[in-house]
Amino acid sequence: MKKIYITDLDHTFLKSDLSISDYTKNIWNEYAKNNIMSVATARTYKKTMEFLEGLEINAPMILLDGALIVDANKQIIDTKFISKDISSMIIDEGSKLGIYPFIISLADKNLNEAFLHSNTLNKYQQEVLKRYVKDDNLIAMDDIEAMEENFKVVYMGEEELLGELEENLRLIFGDELKYISAPEAYVGCHFLTILHKDADKSHGIKSVSEHLGFDLEKLTVFGDNFNDVGMFALAGTSVAVANAQEGVKERADIVLEHTNDADGVAKYLESLRYAE
């Protein structure tokens, strides 16, 4: 019976320079011949497909922290949106603290995504946008407004300030929304991601499982950060890379001795092949 392998991307499968080694590609593609292989990531469809060029993905992907489930051919399996009205309320709460979000929205039914941002940016947001300067989906606004269908609202900044914003949002929305707060390793700050209450990787795993009809006991997942622990709770085997957050390692069945930069996921898969 086929086994299922689903990996997070950033700091787990991707190297810190956002590349994937030929070694990892070869191991992954060899496994994909006889197993179900996919990814679960906070990234958009467009960016994910860029990163995964040359890799075999034979199951729906869990994207945007679980707000979008889609296959490599753009067949949408599930979506979880935040409405324009609620997004506007979130923006208003952030503006009271002098901070403005990134918003990832669905621009059209062909799965084109819009990356919305204010022209008022903090130093962390400015650093992030340097990586997206060539993208054609950036929309800058003096007064940021959400679209009708929004996958997620993301704030970046100091932990204490984002904690205050999260507390304010919880007072207004309670459990109507999902809040993910964690360190952002690329630019050295924290992020606060706000999503639909059912938009997370664990719900994504359930959607993919129901779509394909596989047994979760046959599932192995890989991760490094706190938005991965929902997957860990569902999977038959959960694996943390060596560079994972300590709290994530504590929840994993297996902690690898190799980091993302040392091809940790691929080396684990290769070790399984030798063990068979």
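So, with +1 on the Cβ of K and R and -1 on the Cβ of D and E, and no other charges, what is the size of the charge dipole of the stretch 108-252 about its Cα centre, to the nearest 20 debye? Intermediate values should be presented prior to the final figure.
Working: 14 positive and 28 negative charges, 109 e Å.
Dipole magnitude for the stretch 108-252 comes out near 520 debye.
Computed 3J(HN,Hα) for the stretch 78-87, one whole-Hz value per residue from the Karplus formula 6.51 cos²θ - 1.76 cosθ + 1.60 where θ = phi - 60°, is 7, 9, 9, 9, 9, 5, 4, 4, 5, 4, glycine and proline marked x.
Using +1 on the beta carbon of Lys and Arg, -1 on that of Asp and Glu, and nothing else charged, what's the dipole of the stretch 230-276 about the Cα centre, debye to 20? Please list the in-between numbers first.
Numbers: 4 positive and 8 negative charges, 23 e Å.
For this selection, approximately 100 debye.
In deg cm²/dmol and to the nearest 500, what is the mean residue ellipticity at 222 nm of the chain if only DSSP H runs of at least 4 residues count, each as -39500 (n - 2.57), divided by the residue total? My calculation for the chain gives -9000 deg cm²/dmol from helical runs alone. With every protein chain in place and a 1.4 angstrom probe, the accessible-area ranking of SER207, SER238, largest first, reads SER207, SER238. Per residue, the Cα convex hull of the stretch 134-276 amounts to 182 Å³.
I'd like the distance between the alpha-carbon centres of the stretch 146-219 and the stretch 1-74, rounded to an integer number of Å. Cα centres, the stretch 146-219 to the stretch 1-74: 20 Å.
For the stretch 164-258, with all protein chains in place and a probe radius of 1.4 Å, 43% of the accessible heavy-atom surface sits on carbon or sulfur. Less than 20 Å from a label point 7 Å out along the Cα-to-Cβ axis of GLU246: which backbone N atoms in the stretch 142-185 qualify, by residue? What the label zone holds, given the 20 Å backbone N cut-off, is 159-160, 181-185.
Since only LEU121, HIS196, ALA107 are under comparison, the one whose Cα sits farthest along the positive direction of the charge dipole of the stretch 70-219, derived from C-beta charges on Lys, Arg, Asp and Glu, is ALA107. A Cβ-based charge dipole, computed about the Cα centre of the chain with Lys and Arg at +1 and Asp and Glu at -1, lands at about 740 debye.
In order along the stretch 224-231, the phi-based Karplus estimate (6.51 cos²θ - 1.76 cosθ + 1.60, θ = phi - 60°) of 3J(HN,Hα) comes to 9, 10, 5, 6, 9, 5, x, 5 Hz; Gly and Pro are listed as x. Over the stretch 55-164, Cα pairs under 8 Å with separation of 6+ residues give a relative contact order of 28 percent. Near the amide H of ASN35, within less than 5 Å, lie no amide hydrogens of residues on another chain or at least 5 residues away, with H placed in the peptide plane. When the C-alpha to C-alpha distance is required to be over 32 Å, the pairs from LYS84/LYS267; LYS74/LYS197; LYS109/LYS249; LYS178/LYS267; LYS123/LYS206 that qualify are LYS84/LYS267; LYS109/LYS249; LYS178/LYS267; LYS123/LYS206.
Annotation: amide H of ILE77 within the under-5 Å range of ILE69, VAL70, ASP71, sequence separation 5 or more or interchain, hydrogens built in the peptide plane.
Against the main long axis of the alpha-carbon atoms of the chain, helix 22-32 sits at an angle near 70°.
The values are calculated or read from the model by the stated rules, or taken from the named source; none is laboratory data. Note that the structure is a prediction, hence the values are computed from the model and not measured. With ideal geometry, Cβ positions are generated from the backbone for all residues, glycine too; neighbour counts draw on all protein chains shown. Keep in mind that these areas ignore ligands, DNA and RNA; they rest on the heavy atoms of the full protein, side chains included. Shrake-Rupley method; radii C 1.70, N 1.55, O 1.52, S 1.80 Å.
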